[in-house]
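The values are calculated or read from the model by the stated rules, or taken from the named source; none is laboratory data. Nothing here was measured: the structure is a model prediction, and the numbers come from that model. Note that each Cβ is placed from the backbone with ideal geometry, even for glycine, and that neighbours are counted across all protein chains shown. These area figures cover heavy atoms from the full protein model, side chains too; ligands, DNA and RNA do not enter into them. Shrake-Rupley method; radii C 1.70, N 1.55, O 1.52, S 1.80 Å.
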Amino acid sequence: MGNRAIAEIQFADYIYPAFDQIVNEAAKFRYRSGNQFNCGGLTIRAPYGAVGHGGHYHSQSPEAFFCHVPGIKVVIPRSPRQAKGLLLSCIRDPNPVVFFEPKWLYRLAVEEVPEHDYMLPLSEAEVIRQGSDITLVGWGAQLSVMEQACNEAEKDGISCELIDLKTLLPWDKETVEASVRKTGRVLISHEAPVTGGFGAEISASIVERCFLRLEAPVARVCGLDTPFPLVFEPFYMPTKNKILDAIKATVNY
Amino acid sequence: MALSRLASSSSRSADLLKPLCSAISLRRPISTDTTPITVETSVPFTSHQCDTPSRSVQTNAKELFTFFRDMALMRRMEIAADSLYKAKLIRGFCHLYDGQEAVAVGMEAAITKKDCIITAYRDHCTFVSRGGTLLEVFAELMGRQAGCSRGKGGSMHFYKKDSNFYGGHGIVGAQVPLGCGLAFAQKYSKDEAVTFALYGDGAANQGQLFEALNISALWDLPAILVCENNHYGMGTAEWRAAKSPAYYKRGDYAPGLKVDGMDAFAVKQACTFAKEHALKNGPIILEMDTYRYHGHSMSDPGSTYRTRDEITGVRQERDPVERIRKLILSHDLATEKELKDIEKEIRKEVDDAIAQAKENPLPESSELFTNVYAKGLGVESFGADRKEVRAILP
């Protein structure tokens, strides 16, 4: 296999000076040279997302910008065990991959991680909680918030199905579609601002595929359309209560 | 007593003897005496593609006391911010400037409020030297309404429009092209003023810096690029980061000056020289050889990539506040006790400002949505009925 380059951007907020190289060079090299050259399976790791006190430049979620670039892959793990398996897959994938790691989980997550080598498949979403009333789709640290909302909704008799997308580009439409066909409702949640966030892509695709099956409009519980604030972070974030409200509103539509 | 001091510090010139004799007999009020005093900078300047300014700097007792007071205030403020951060009253990131005060103070002494200053995230002291108050500093650090950016910026985003202080930037090196843009505006409007764009030794390797310098040199913009070289870019020493750590030479076609950044008079002299140069000939680079006692930020202990001996060595030999204290004492302008009293006063001032800032309220929740765009922004927020909600949160 040879050696692979793995680049680290210390905070995803600082990835923008590299944006041109990633989008215009790494993503397009194989395509424009007719497969003569490629970027050698480059992997770029960057911690992303809110951390409670990060402010404007230590909390951003830029995944949506990269999901708009055919030629690269975007992968986001939700836990340590997932991170190891997914990262090894990303490194061994011959395409350029941007791997966003939820920095909130760096100090918070505790999990048994196997010591042996193992890979988790890319572009396969995982249903991490079975349910029948509504499908929730998310990634990264937001999943634990959604899990809490699901537990609360359970008390009100709403059975939630929770899907971890894992790979955002190319994303597993089949798994999400199958789940929505089962439940008839879908809610997407991410920390990035709602306008133009990746939830919009998921929403449009699901409506295209499942329009007649849907019982309610697609709900998006996301960050607000402001720069990531400093003291206002608790208001900005898609919190458990916001998700719970949206679950109830969707189910009772 | 004074003679032994003279003998021990080889850089003093013989001129010192004269003011001493007069000072002992006519002890005027310490803060208003403007009799000229000449001091020598600690080391001569080194230059690249230009002349060097003289090592002898004109000053007076009033300026000495202003320097002492300002730097001691900044020192005390930064140490207080350290304690506040550890007490979790300041959240987020906090990059402290103690050790580097001479750059802020010396620069301000050489320029007017019409000249612009733009810097990176180690900006608390530069803000104060541009006229910011302690309350504005502590309130902004704690995210309160009375802060200079109304609590919405935090430690890295201090601004003061009325004194042309353009902040306060988190992204490394991004402020330098902005600074060159400010210089463009000044030239366009025929302001006869200059812009000081400050950056660190880490940012000195940023491509955008050289792009901005190129255009500034082509268009003869009055831009002064100031590299505050504290020798460590976060945890990376300059010899590991830069092939050529002679940052004052990195401008190549642009002239440069290397300055002892721990000597406020050297800084003042260099900035005066640079302002004159930039107004006539275009961009010039100043490299301030300085040092920070704290780590990169409050998350960095600052001792994993440098030895404690190095830090204490600099503190003992090159501390900017101590240098001014020694100058004041050797010129017999005040006693040790008087200087200690000034420091006590400063301590109280800082404590009062902190107490006031602690009482100050957090910004209103509706401020989350203000100033995203010039006019207000309609916002969607998920409520139980999922209708569009006004941009005012409970």
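Of all helices (runs of 4 or more DSSP H) completely enclosed by the stretch A:169-253, which ones contain at least 2 residues that are within 11 Å of chain B (Cβ to nearest Cβ) and not aromatic (Phe, Trp, Tyr)?
A:233-236, A:240-251
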Complete set of residues in the stretch B:250-283 that are of a type in the set (Asp, Glu) and under 28 Å from residue B:71 (Cβ atoms): B:260, B:263, B:276
Being surrounded by 18 or more Cβ atoms within 10 Å (Cβ to Cβ) and out of contact with any helix residue (DSSP H, G or I) (no Cβ under 8 Å at 6 or more places or on another chain) is the filter here; which residues of the stretch A:29-50 pass it? A:29
Among residues belonging to the stretch B:151-167 that are more than 9 Å from chain A (Cβ to nearest Cβ) and touching a helix residue (DSSP H, G or I) at 6+ places or on another chain (Cβ under 7 Å), point out the one that is nearest to residue B:111 (Cα to Cα). B:165
Somewhere in the stretch A:165-177, is a residue open to solvent by 10 Å² or more (accessible area, probe 1.4 Å), over 30 Å from residue A:107 (Cα atoms) and without any contact (Cβ under 8 Å) to a residue 12 or more places away in the chain? yes
Complete set of residues in the stretch B:199-220 that are open to solvent by less than 50 Å² (accessible area, probe 1.4 Å) and part of a helix (DSSP H, G or I): B:203, B:204, B:207, B:209, B:212, B:213, B:216, B:217
Kindly establish whether residue B:286 is assigned to a strand (DSSP E or B) and either touching a strand residue (DSSP E or B) at 6+ places or on another chain (Cβ under 6 Å) or open to solvent by 10 Å² or more (accessible area, probe 1.4 Å) (or both). yes
So is residue A:130 open to solvent by 10 Å² or more (accessible area, probe 1.4 Å), in the same structural domain as residue A:195 (by the TED database), touching a strand residue (DSSP E or B) at 6+ places or on another chain (Cβ under 9 Å) and touching a residue at least 12 places away in the same chain (Cβ under 8 Å) or not? yes
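For the stretch B:127-137, does any single residue satisfy the condition of being small (Gly, Ala, Ser) and within 14 Å of another protein chain (Cβ to nearest Cβ)?
No, the stretch B:127-137 contains no residue that is small (Gly, Ala, Ser) and within 14 Å of another protein chain (Cβ to nearest Cβ).
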Identify all residues within the stretch B:52-84 that are open to solvent by 20 Å² or more (accessible area, probe 1.4 Å), assigned to a helix (DSSP H, G or I) and farther than 20 Å from residue B:133 by Cβ; write none if there are none. B:62, B:63
Scanning the stretch B:44-69 residue by residue, those among the hydroxyl-bearing types (Ser, Thr, Tyr) and farther than 12 Å from residue B:33 by Cβ turn out to be B:46, B:47, B:52, B:54, B:56
Filter the stretch A:193-248 for residues that are surrounded by fewer than 18 Cβ atoms within 10 Å (Cβ to Cβ) and among the β-branched types (Val, Ile, Thr); the one that is farthest from residue A:140 (Cα to Cα) is A:207
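Conditions tested, residue by residue: (1) at pLDDT 95 or above; (2) within 29 Å of residue A:37 (Cβ to Cβ); (3) surrounded by 20 or more Cβ atoms within 10 Å (Cβ to Cβ); (4) in the same structural domain as residue A:169 (by the TED database).
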residue: A:61; (1), (2), (3), (4): yes, no, yes, no
residue: A:66; (1), (2), (3), (4): yes, yes, yes, no
residue: A:76; (1), (2), (3), (4): yes, yes, yes, no
residue: A:88; (1), (2), (3), (4): yes, yes, no, no
residue: A:113; (1), (2), (3), (4): yes, no, no, no
residue: A:118; (1), (2), (3), (4): yes, no, no, no
residue: A:121; (1), (2), (3), (4): yes, yes, no, no
